[in-house]
Amino acid sequence: MNLHEQLNWRYATKKMNGTAVSQDKVDYIVEAARLAPTSSGLQPFRVIEIANTELKEKIQPIAYGQSQITDASHLLVFAAFDEYTEERVDQVFAQQETERGLPSGASDDYKNMLKQGFEAQTKDDHFNHAARQAYIGFGMAIAAAAELQVDATPMEGFVNAQLDELLGLSEKGLKSVTILALGYRDEANDWLVNMKKVRTEKSEFVIQYK
């Protein structure tokens, strides 16, 4: 299938059958998120991969009892930086210079311009920007899952602060943004599985200036 066919195949699975997704497929999906483009290459988010049954059971009430949390093979929690610190920005550019064979400090002008911009913003501004970058990786992961015909349910319905506490994200300088549940559809018990995919018509969706 081409990408459009894969995206038409996928849907927000409401009931999963508990079948395990092989680790190589999970790794492929996570790698798609890691390779996603981000503003200035900062990659200001992390992916927390959860397969542990007991932990998923603890997350389920935080996610309003949704069955996908425990029926899924894996949960991918996308968590964004709570702020852009000098250390975080410096680390990104130091790695870029090292791996590209550039002299130390080659990126200083651009890096310092970024830092000045972040200094003028609040921590909330930082997190909101980082969360938008996390969603780019999130979308890439969804597409990668569809490519492998692994079902993936995007989930924003959870209490972020409680999930952050459970996973110890604050200590890592992270805040949860969204969850992607990975598994396989339970076709006999999922009310949405045979429903037509409905999207805004292209004529209304695309605004063209020629």
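Only the coordinates and a few stated rules stand behind these numbers; no lab work does. Because the structure is a prediction, the values reported are computed rather than measured. For neighbour counting, all protein chains shown are included, and Cβ atoms are generated from backbone atoms with ideal geometry for every residue, glycine included.
Under the criterion of Cα pairs below 8 Å and six or more residues apart, the relative contact order for the chain equals 36 percent. Between Phe45 and Phe81, the built amide H atoms are under 5 Å apart, and every one of these is 5 or more places off in sequence or on another chain.
The Stokes-Einstein estimate for the stretch 51-117, based on a Kirkwood radius over Cα pairs and taken at 4 °C with 1.567 mPa s viscosity, is a diffusion coefficient of 85 µm²/s. In percent, rounded to a whole number, the relative contact order of the stretch 84-159 is 21, using alpha-carbon pairs under 8 Å and six or more apart. Hydrodynamic radius of the stretch 3-205 by the Kirkwood approach over all distinct alpha-carbon pairs: 18.4 Å. With the biggest extent put first, the Cα atoms of the stretch 12-69 measure 38, 25, 22 Å across the principal axes.
What the phi angles of the stretch 181-196 give under the Karplus curve with 6.51, -1.76 and 1.60, with θ = phi - 60°, is a coupling list of 8, 10, x, 9, 5, 9, 4, 6, 10, 9, 5, 8, 4, 9, 6, 5 Hz, glycine and proline written as x. Would you list which lysines come within 22 Å of Lys56, measuring only between C-alpha atoms, while excluding same-chain residues fewer than 8 positions from it? Here the lysines satisfying the reach criterion relative to Lys56 are Lys14, Lys15, Lys25, Lys172, Lys175. By other beta-carbon atoms within 10 Å, ranking Ile48, Ile207, Ile29 with the fewest at the front produces Ile207, Ile48, Ile29. Looking at the stretch 124-210 from every direction and averaging, what is the projected area of its Cα convex hull in nm²? The directionally averaged projection comes out at 9.3 nm².
Taking a ≥ b ≥ c as the square roots of the eigenvalues of the Cα gyration tensor, the stretch 72-156 is classed as oblate, since a/c reaches at least 1.5 and a/b does not exceed b/c.
Taking the inverse of the mean reciprocal distance over all distinct Cα pairs, the Kirkwood hydrodynamic radius of the stretch 1-45 comes to 13.3 Å. Using the rule -39500 (n - 2.57) for each DSSP H run of four or more residues, divided by the residues of the chain, the 222 nm mean residue ellipticity is -13500 deg cm²/dmol.
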